[in-house]
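No value in this document is a laboratory result; all are computed from the given coordinates. Because the structure is predicted, anything quoted here is derived from the model rather than measured. Here the Cβ positions follow ideal geometry from the backbone for every residue, glycine too, while neighbour counts run over all protein chains shown.
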Amino acid sequence: MNKSDILKYLNDISGEVKELSLRIWNNPETSGNEKESSNLFRNILKSYGFEIKEIDGMENAFIGEYGNGSPVIAVLGEYDALPGLSQTLDIKHNPVKINGPGHGCGHNLLGSAALGSVLAIKKYLEETKTSGTIRFYGCPEEETLVGKVKMIKAGAFEGSDIALSWHPMNANVALDKAYLANNSIKFKFHGISAHASQSPESGRSALDAVELMNVGANYLREHVIDSARIHYTITNAGGAPNIVPKEAESWYFVRAPYRKDVEEITERLFKIAKGAAMMTETTVEYEVLGGCYEKLPNNVLFDLTYKNMVEIGSPSYTEEELKFAKDIQESLDPKLVEAEIKKYIDSDEKVFLHQGVLEKEKASSVVVSGSSDSGDVSWLMPMNLFLTATWPLGVPAHSWQATSSSGSSLGFKGMFYAAEIFSGIMYDLLNDPKLVEAAKDEFNKRTESRKYVSPLK
Ligand SMILES: [Zn+2]
């Protein structure tokens, strides 16, 4: 059995993989509620002879393992949906359920591609008796950016040598640098309530503190790096206007390209919170809900990923699929679409779907401005990352257009391409121990002076 036999086998089981992704798409479960989705994965893996290992304290997380000895390859799978992004397979906004959840980030494809590839490699290991272990990581709660951070705390990644990851998107790209590091923090202010008209002098407003903290944070913006992002909401602003609010709360995200910048800005935000509390004679507590790291580059895995993407070749499309892509694209802001197309294609022509693979040299200019808890895994072991075109060019993540495309044949084609890329990479890693060593050496050098510290207390 060689690489092309593996890809042939993957094609044989493609019906089962498609069926899985469709079932998950039809039953979107949001972060922390992925009970049925995780069980669908567990059951398929069990039926293929994988051993299922549960993770302490995490009902919807698990590992499906097969094989013996090293290398131990971890393939990351996710399956959570997003609130409010319910959508039927349609070219116009048409939710299945108004404000219901939907797969607007394509995680129905994300997990299923990862699953398809481990099934194919299992067949290879079984037939050839090659040394190596594959692990499918069932990772919940990605959209709330904490699932893998919790799994790491629970020791779930111990013993793995290399991690492989991908994400559905609107283009075929191997990425090295990606994801913004992030912290998610709640600030709870405590004051003294009083009648706001009869005895305001005896009250101390927790809401005043929240507002003053926001003013401070807005002045801070000028004095942080341009690429940092600070966003907040007020999650508790008190009750009636005639009562001085005793309790008030705000929720902040701090993001930046590097974890160290996020940590520095967070420390300054803590000072602002303390200052606001001092000004208003209230007290403040912080609750760090989560945090994650940027992806640590690994050139060895980047090269290997790019090589496999080109070797295998991106999907081709039918007239019907191109028409669907065109219609979806027309529902978006044309300026946004134009800017997005320019990132990938040197032409003023109207292009609806990305075909081919973005040149390696251009990949470094593709900025993934979201955050992901997969970034944390890249600080534990060498990790790759790639995107495939599961959505028309210009479609942003977390949109109804992404939900619709993730349940269409475009989504499935991008998903199979991802499963093929994973399989190709694993075949190469299993057959060339030097590649594994080189990826690990690079990882060790990059982390010599900076080790992973969990953002969770
Ligand atoms: Zn996502």
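Computed from the Cβ-Cβ distance with R0 of 25 Å, the FRET efficiency linking Asn68 to Ser47 stands at 0.80. Taking each residue as 0.36 nm, the span from Asp226 to Glu59 lengthens on full extension beyond its C-alpha to C-alpha distance by 56.2 nm. Distance between the pseudo-spin-label points of Val310 and Glu36 (7 Å out from Cα toward the beta carbon): 4.4 nm. For segment 1-99, the square roots of the Cα gyration tensor eigenvalues, ordered a ≥ b ≥ c, give a/c of at least 1.5 with a/b no greater than b/c, which places it in the oblate category.
With neighbours defined as other Cβ atoms within 10 Å of a residue's Cβ, the residues Ile98, Ile234, Ile162, Ile6 order from fewest to most as Ile98, Ile234, Ile6, Ile162.
What is the fewest-to-most order of Met151, Met279 by other Cβ atoms lying within 10 Å of their Cβ?
Going from least to most buried by this count: Met279, Met151.
Taking a Cβ cut-off of under 15 Å around Thr235, the surrounding Lys, Arg, Asp and Glu residues balance to a net charge of -3, with basic ones at +1 and acidic ones at -1.
Using Cα pairs under 8 angstrom and six or more residues apart, how large is the relative contact order of the chain, in percent? Intermediate values should be presented prior to the final figure.
Numbers: 1017 pairs, mean separation 105.3, N = 457.
So the answer I get is 23 percent.
Between Lys335 and Glu320, the modelled label-to-label distance comes to 3.7 nm, taking each label 7 Å out from Cα in the direction of the beta carbon. If r is the Cβ-Cβ distance from Val215 to Asp432 and R0 is 45 Å, what FRET efficiency results, to the nearest 0.05? Efficiency at R0 = 45 Å is approximately 0.20. Label-to-label distance, Thr235 versus Glu201, with points set 7 angstrom from Cα along the beta-carbon direction: 3.7 nm. Given 20 °C and 1.002 mPa s, compute D for the chain with the Stokes-Einstein relation, Rh being the Kirkwood radius over Cα pairs; round to the nearest whole µm²/s. Translational D for this selection: 92 µm²/s.
Within the chain, the whole DSSP H helices whose Cα atoms reach 24 Å or more along their own axis and whose mean Kyte-Doolittle score is at least -1.0 are 107-128, 259-280, 409-431. For the chain, the dipole from Cβ point charges (+1 on Lys and Arg, -1 on Asp and Glu) about the Cα centre works out to 460 debye, to the nearest 20. Only helical runs count toward this figure. For the chain, summing -39,500 (n - 2.57) over DSSP H runs of n ≥ 4 and dividing by all residues gives -13000 deg cm²/dmol at 222 nm.
Compared with the direct C-alpha span, the chain from Val96 to His398 gains 107.1 nm at full extension, assuming 0.36 nm per residue.
Computed from the C-beta positions of Glu281 and Ser369, the FRET efficiency with R₀ = 51 Å rounds to 0.85.
From most to least packed by mean Cβ count within 10 Å, the peptides 389-397, 238-246, 76-84, 187-195 give 389-397, 76-84, 187-195, 238-246. Among Val173, Val288, a tally of other beta-carbon atoms within 10 Å of each Cβ gives an order, fewest to most, of Val288, Val173.
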